[in-house]
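One structure is given here, and the rest of the page talks about it.
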Amino acid sequence: MRTDESAISEGTDRYRRQRRIQEATYAIAQAVTSSEGLDDLFARIHRIVAGLMEARNLYIALLDEATGSLTFPYFRDEIDAEPPGPVPVGRGLTGYVLRKGEPLLASPEVFDDLVARGEVESIGAASIDWLGVPLRAGDRTIGVLAVQSYVGNLRYGAEDQALLGFVSSQVALAIERRRGEEALRQSETAAPRAPGGAARPPLRPRPGRPLPRGPRREAGDSRRTARDPPRQRDPHGPAPGGGGGLDGCDRPLPRG
């Protein structure tokens, strides 16, 4: 009987966990389309994660691929009030997850072991538990999503790591999509605009074809083009002195 009850309880817990993950995934997708910018998106992601686990201390670190440094566009912490500025990836826990591309649940024992092996260094306020997951977009790790606790009665476990890992892919896609939209908006704002207000695309020739040019007239070329006015016949005949009735042309003499 106990075995049956245990199986039922595990099935119920699994169903509830899957339901929470589905709700969080849907909420993240909604946040992408309705948020007013990256700051608003990050705040909504924080609230979504807080619905899955204790997350009063949460930050998002993003890798600047151009400089190789870490930035912290979202940082909420009850001990370290100010977010760090752009820093090298370094050998902290965030840099460790970024390099390995794998989640890490660092209890005090795990952290001490990593320090003893020279894998990480102690940076910032000492936490009880630190849980970080990589933010992956395709085959790229673009950053880290992390939560941490500072009190002994608030601990993270394997289920919290699984939950944060499940939503991390959706968070990464949401960040990439929102950053792409903002970059496109900035490029459109900077583009030259036509009189009607729409952005004027640059004129580019087709591959292998030069830009079209108007008709070229050589010096002394009397051939007419579509832009030349038609020549008119003089209704009064040739003017005295042998002037032709055609503009600028002599009338041919009649044969005797």
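A quick yes/no check of all residues on (1) modelled with pLDDT under 95; (2) buried (at least 17 other Cβ atoms within 10 Å of the Cβ); (3) farther than 16 Å from I60 by Cβ:
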residue	(1), (2), (3)
P103	no, yes, no
I123	yes, no, yes
S127	yes, yes, yes
L131	no, yes, no
G138	yes, no, yes
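Flag: D64 does not match the condition of being out of contact with any Gly (no Cβ under 6 Å at 6 or more places or on another chain), closer than 24 Å to G180 by Cβ and without any contact (Cβ under 8 Å) to a residue 12 or more places away in the chain.
Being part of a strand (DSSP E or B), in contact with a Leu (Cβ under 9 Å, 6 or more places away or on another chain) and touching a residue at least 40 places away in the same chain (Cβ under 8 Å) holds for only one residue in V147, V171, V133, and it is V147. Against the definition (in contact with a Pro (Cβ under 9 Å, 6 or more places away or on another chain) and among the aromatic types (F, W, Y)), how does F111 come out, yes or no? No: the conditions fail for F111. Within the range 46-82, if we keep just the residues that are in contact with a Leu (Cβ under 8 Å, 6 or more places away or on another chain) and closer than 20 Å to Q22 by Cα, the residue that is surrounded by the most Cβ atoms within 10 Å (Cβ to Cβ) turns out to be V49.
Take the residues in the range 86-117 that are more than 18 Å from I142 (Cβ to Cβ) and in contact (Cβ under 8 Å) with a residue 12 or more places away in the chain, then tell me which one is nearest to the chain's Cα centre (by Cα). Checked the range 86-117; the qualifying residue nearest to the chain's Cα centre (by Cα) is R91.
Residue check: A55 meets all listed conditions (1) within 25 Å of the chain's Cα centre (by Cα); (2) in contact (Cβ under 8 Å) with a residue 40 or more places away in the chain but one, namely (1). Applying the condition of being acidic (D, E) and touching a residue at least 12 places away in the same chain (Cβ under 8 Å) to the range 67-85 and asking which residue is nearest to A146 (Cα to Cα) yields D77.
Would you mind stating whether R47 is out of contact with any helix residue (DSSP H, G or I) (no Cβ under 6 Å at 6 or more places or on another chain), assigned to a helix (DSSP H, G or I) and in contact (Cβ under 8 Å) with a residue 40 or more places away in the chain? Considered against the rule, which asks whether it is out of contact with any helix residue (DSSP H, G or I) (no Cβ under 6 Å at 6 or more places or on another chain), assigned to a helix (DSSP H, G or I) and in contact (Cβ under 8 Å) with a residue 40 or more places away in the chain, R47 comes out as no. For the range 16-30, indicate whether the set of residues that are farther than 15 Å from L164 by Cα, part of a helix (DSSP H, G or I) and among the acidic types (D, E) is non-empty. There is no residue in the range 16-30 that is farther than 15 Å from L164 by Cα, part of a helix (DSSP H, G or I) and among the acidic types (D, E). For the range 26-40, the set of residues classified as in contact with a strand residue (DSSP E or B) (Cβ under 9 Å, 6 or more places away or on another chain) and crowded, with 18+ Cβ neighbours inside 10 Å consists of L38 only. The set of residues in the range 61-98 being among the β-branched types (V, I, T), touching a Pro at 6+ places or on another chain (Cβ under 6 Å) and closer than 17 Å to S168 by Cβ consists of V97 alone.
The values are calculated or read from the model by the stated rules, or taken from the named source; none is laboratory data. This is a predicted model, so every value here is computed, not measured. Please note: Cβ atoms are built from the backbone with ideal geometry, for glycine as well, and neighbour counts cover all protein chains shown.
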